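Participant: For reference, the structure I am asking about is given below.
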Amino acid sequence: AAGAAQCSLRTKRLLLDARFEGYKLSLEPLACYQLALDAAVAEVALRDDQYTLDHMRAFGMFNYLHLDSWYQDNVYYIDQYGRVMNVSVTLDTALQKPREVFRLPTDLAACDNRLCASIYFSSSTWVTLSDGTGRLYLIKSGKRGNSASEKWEIVFNEELGSPFTIVHSVSFVKSDKHSVAVLLLRVEKDELDTKGSGYHIALEWITITEASQEGDRRYEIFKRRVLQGKSVPHYAAIEPSGDGLMILSYKPFKFMQDEEDKIEENTDEEITNEKKDPLYYWQQTEDDLTVTVPVPQDITKDDIKVHFSPDNIYVTLKDQPPLMEGKLYSSVDHESCTWIIGENKSLEISLIKKSEGPQWPELIVGDTRGELIIDPSQRVAMAESLMHLTSEVMNSNPDKEKPPCNAQELEECDAFLEDSASLCRFDGDTLKITHIINLGSNQYLFSVVVDPKEMPCFCLRHDVDALLWQPRSDQPENMWEHIATFNALGYVQASKQDKKFMACAPNYSYAALCECLRRVFIYRQPTPLPTVLYNRKEGRQVGQVAKQLVATLEASDPILGFQATNERLFVLTTKTLFLIKVNTEN
């Protein structure tokens, strides 16, 4: 991405604990409550043609439980009848039955290629909703989580093409007009991709704006923009102002222009890509170089000026700008260098290398207008000189010395697919990347909304720890702030082969992960001990301890949804919603 600022994530040393002792398994009982659902969750199984890893990531690992971060302990799910059901918790011991707040007008079962229905809470009174068939609803909900003030009204609904899920949405006001921007995800067949999976990922960024006409407040689409990439993004979110977009993904994304733009771009490319003949050709041996420069027919010997110095060359024809000029790759014996006009009307320059032997990768530093010609005997010699770097046999002689890489030294759980993801910030006007971070081995773990007015945070593995980052789009100098650390969680989660979802409390008091079936692991932040312990090995006092808790749900169905609040964990299966009380109110 030309012109993008190459950034790095700055960790706060104060938030790291080099003397973290590890988690102690705690057997303290966790209060677990369950609510039977009167209709099953609207789960959509992957079809036979949804076989790629991207389909699995986007739809197979879909979280069917939606947390409303604007209100405390308020969750929603959609059942098989297309009803949006709400559970709002004030007292665990007096749980109310899930209540219907909205019903999707479409018959979900009638659409063959539908995806999971999805919800995103854009603000405390606005909701974006997709039925999974390709239709988007913008809903004014009133204050949610309480039946007296909550009333969902459709203010916009439109068919937007092939089915999608909602990744993120924000509500904002610009020049006195209210808008909602929403990000949609599709996995689309890619006819041009014959070598890869045959699919690409499309992210559509749609802005829906209020269009007031004589007191009638209508909403309509103001802008539609599409980005494409080759992997499902781990994280994608619109800035609160609606001015930009951040994407964390393994493969890069870029905006797709309209057809006109594409044609313009292609003609530009054709101009630059027209293969020009090289300006000069050059050959080399161990001790000299020969440069051949084609010159026009009417040029005579008197029109040519060639100047040699130990490190530079200068060639000019008549009164034209210099034909060749610049620093040579290495020094030459300039007094022995010569030039002649050859038979086929070309200028032939002979340069004698100062130091014999080394091959020059280029003639003039940074000049790409010449072409190196290598004769067959040189090719064979080069291939032989590189032979020791490669072999068709895997570690052909293991006893000779230490094997080149000992895979046993790496724990299997430490290996992960993403060898290098990147985090990009796109500008909404120019559609170009303004900031980019190469994440290297900082594996993405999960995202969480800490403050609903800000962008969601993302959690990355840094060495053994897991660090939580809050994007700050209004601070271009420090766009990603390190706000919390979960000690050793990066290492611990890697050993959980069956993990399905990860989450943490918005106040960072604990992190949690669940497996596909039954088991939930909770990792509390270190807390002061009532009595001080003594670590004999290190000869020091231990003032605090971090506890690990394990909850096993009484359920035989797979876990479909998982959300964490400051006080409790919500775990959804097809017919039951479980509530695990993690913290008591402070």
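The values are calculated or read from the model by the stated rules, or taken from the named source; none is laboratory data. Here the structure is a predicted model, which is why all the values come from computation and not from measurement. Note that each Cβ is placed from the backbone with ideal geometry, even for glycine, and that neighbours are counted across all protein chains shown. Just so you know, the surface numbers come from the protein's heavy atoms only, side chains and all, with ligands and any DNA or RNA stripped out. Shrake-Rupley method; radii C 1.70, N 1.55, O 1.52, S 1.80 Å.
Participant: Filter region 470-520 down to residues that are closer than 14 Å to Leu549 by Cβ and touching a helix residue (DSSP H, G or I) at 6+ places or on another chain (Cβ under 8 Å), then give me how many there are.
Facilitator: Selection size over region 470-520: 2.
Participant: Please find, among Tyr523, Tyr508, the residue that is open to solvent by 20 Å² or more (accessible area, probe 1.4 Å), closer than 22 Å to Ala466 by Cα and modelled with pLDDT of 95 or more.
Facilitator: Among Tyr523, Tyr508, only Tyr508 is open to solvent by 20 Å² or more (accessible area, probe 1.4 Å), closer than 22 Å to Ala466 by Cα and modelled with pLDDT of 95 or more.
Participant: Here is a further query. Within region 152-196, which strands (runs of 3 or more DSSP E) (wholly inside it) include 2 or more residues that are in the same structural domain as His55 (by the TED database), open to solvent by 30 Å² or more (accessible area, probe 1.4 Å) and in contact (Cβ under 8 Å) with a residue 60 or more places away in the chain?
Facilitator: Details: elements: 153-159, 165-174, 177-189.
Because the criterion is at least 2 residues that are in the same structural domain as His55 (by the TED database), open to solvent by 30 Å² or more (accessible area, probe 1.4 Å) and in contact (Cβ under 8 Å) with a residue 60 or more places away in the chain, the strands (runs of 3 or more DSSP E) in region 152-196 that meet it are 153-159, 165-174.
Participant: So, one more: What number of residues within region 224-245 are in contact (Cβ under 8 Å) with a residue 60 or more places away in the chain and closer than 15 Å to Leu185 by Cβ? Don't jump to the end; show me each part of the working.
Facilitator: From region 224-245, those in contact (Cβ under 8 Å) with a residue 60 or more places away in the chain are 225, 227, 231-245; that's our starting set.
From the residues that got through so far, the ones that are closer than 15 Å to Leu185 by Cβ too are 225, 227, 231-238, 245.
Total meeting the criteria: 11.
Participant: Now for a separate question. Would a scan of region 298-306 turn up a residue that is modelled with pLDDT of 90 or more, more than 13 Å from Thr316 (Cα to Cα), among the aliphatic types (A, V, I, L, M) and more than 38 Å from the chain's Cα centre (by Cα)? Walk me through it before giving the result.
Facilitator: First, the residues of region 298-306 that are modelled with pLDDT of 90 or more: 306.
Among the residues that remain, those that are also more than 13 Å from Thr316 (Cα to Cα) are: none.
Checked against the condition, which is being modelled with pLDDT of 90 or more, more than 13 Å from Thr316 (Cα to Cα), among the aliphatic types (A, V, I, L, M) and more than 38 Å from the chain's Cα centre (by Cα), region 298-306 yields no hits at all.
Participant: Restricting to region 549-586, name every residue that is farther than 13 Å from Leu37 by Cα, β-branched (Val, Ile, Thr) and open to solvent by less than 30 Å² (accessible area, probe 1.4 Å).
Facilitator: Passing the criteria: Ile559, Thr565, Ile580, Val582.
Participant: Between a first residue in region 466-481 that is in contact (Cβ under 8 Å) with a residue 60 or more places away in the chain and a second residue that is in a strand (DSSP E or B) and among the hydroxyl-bearing types (Ser, Thr, Tyr), which pairs have beta carbons less than 7 Å apart while being 6 or more apart in sequence or on different chains?
Facilitator: Leu467/Thr485
Participant: Let me ask you something else. Mind checking which residues of region 11-20 are surrounded by 11 or more Cβ atoms within 10 Å (Cβ to Cβ) and assigned to a loop (DSSP other than H, G, I, E, B)?
Facilitator: Once the filter is applied, which keeps residues that are surrounded by 11 or more Cβ atoms within 10 Å (Cβ to Cβ) and assigned to a loop (DSSP other than H, G, I, E, B), region 11-20 yields Thr11, Lys12, Leu16, Asp17, Phe20.
Participant: Among the residues of region 36-58, write down those that are in a strand (DSSP E or B) and either open to solvent by 40 Å² or more (accessible area, probe 1.4 Å) or among the aromatic types (Phe, Trp, Tyr) (or both). Walk me through how you get there before you give the answer.
Facilitator: Of the residues in region 36-58, the ones in a strand (DSSP E or B) are 36, 41.
The answer is Ala36, and nothing else.
Participant: So, in region 1-43, exactly how many residues are over 30 Å from Leu489 (Cα atoms) and under 25 Å from the mean Cα position of the chain (by Cα)?
Facilitator: Going through region 1-43 one residue at a time, the tally reaches 5.
Participant: Go through region 69-99 and give me each residue that's among the hydroxyl-bearing types (Ser, Thr, Tyr), farther than 15 Å from Ser147 by Cα and in a loop (DSSP other than H, G, I, E, B).
Facilitator: Within region 69-99, the subset among the hydroxyl-bearing types (Ser, Thr, Tyr) is 69, 71, 76-77, 81, 88, 90, 93.
Adding the requirement that they be farther than 15 Å from Ser147 by Cα leaves 69, 77, 81, 93.
Matches in region 69-99: Ser69, Tyr81.
Participant: On to the next question. Which condition number does Ala211 fail, the rest of (1) in a strand (DSSP E or B); (2) touching a residue at least 24 places away in the same chain (Cβ under 8 Å); (3) out of contact with any Gly (no Cβ under 9 Å at 6 or more places or on another chain) being met?
Facilitator: Ala211 satisfies all of (1) in a strand (DSSP E or B); (2) touching a residue at least 24 places away in the same chain (Cβ under 8 Å); (3) out of contact with any Gly (no Cβ under 9 Å at 6 or more places or on another chain) except (2).
Participant: Go through region 300-332 and give me each residue that's touching a Lys or Arg at 6+ places or on another chain (Cβ under 8 Å), surrounded by fewer than 15 Cβ atoms within 10 Å (Cβ to Cβ) and farther than 29 Å from Glu356 by Cβ.
Facilitator: Answer for region 300-332, where residues must be touching a Lys or Arg at 6+ places or on another chain (Cβ under 8 Å), surrounded by fewer than 15 Cβ atoms within 10 Å (Cβ to Cβ) and farther than 29 Å from Glu356 by Cβ: just Asp303.
Participant: Among the listed residues Tyr33, Tyr23, identify the single one that is touching a helix residue (DSSP H, G or I) at 6+ places or on another chain (Cβ under 9 Å), closer than 25 Å to Asp557 by Cβ, open to solvent by 40 Å² or more (accessible area, probe 1.4 Å) and at pLDDT 90 or above. Before you say what the answer is, go through the steps one by one.
Facilitator: On the way: Tyr23 fails: closer than 25 Å to Asp557 by Cβ.
Being touching a helix residue (DSSP H, G or I) at 6+ places or on another chain (Cβ under 9 Å), closer than 25 Å to Asp557 by Cβ, open to solvent by 40 Å² or more (accessible area, probe 1.4 Å) and at pLDDT 90 or above holds for just one of Tyr33, Tyr23, which is Tyr33.
Participant: Hey, among the residues in region 432-460 that are more than 14 Å from the chain's Cα centre (by Cα) and closer than 19 Å to Pro233 by Cα, which one's least open to solvent (accessible area, probe 1.4 Å)? So that I can check it myself, show each step before the final result.
Facilitator: First, pick out the residues of region 432-460 that are more than 14 Å from the chain's Cα centre (by Cα): 432, 434, 448-455.
Checking the rest, the ones that are also closer than 19 Å to Pro233 by Cα come to 432, 434, 448-449, 455.
Working: Lys432: 128, Thr434: 37, Val448: 18, Val449: 37, Met455: 2 Å².
Within region 432-460, the match that is least open to solvent (accessible area, probe 1.4 Å) is Met455.
Participant: Out of (1) surrounded by fewer than 22 Cβ atoms within 10 Å (Cβ to Cβ); (2) of a type in the set (S, T, N, Q); (3) closer than 23 Å to Ser26 by Cβ, what's the single condition that is false for Gln475?
Facilitator: Single failed check for Gln475: (3).
Participant: Looking at Ala117, Ala42, Ala36, Ala94, which is the one that is free of Cβ contacts under 8 Å to residues at least 12 places away in the same chain and either within 19 Å of Thr165 (Cβ to Cβ) or out of contact with any His (no Cβ under 8 Å at 6 or more places or on another chain) (or both)?
Facilitator: Values: Ala117 fails: free of Cβ contacts under 8 Å to residues at least 12 places away in the same chain; Ala42 fails: free of Cβ contacts under 8 Å to residues at least 12 places away in the same chain; Ala36 fails: free of Cβ contacts under 8 Å to residues at least 12 places away in the same chain.
Among Ala117, Ala42, Ala36, Ala94, only Ala94 is free of Cβ contacts under 8 Å to residues at least 12 places away in the same chain and either within 19 Å of Thr165 (Cβ to Cβ) or out of contact with any His (no Cβ under 8 Å at 6 or more places or on another chain) (or both).
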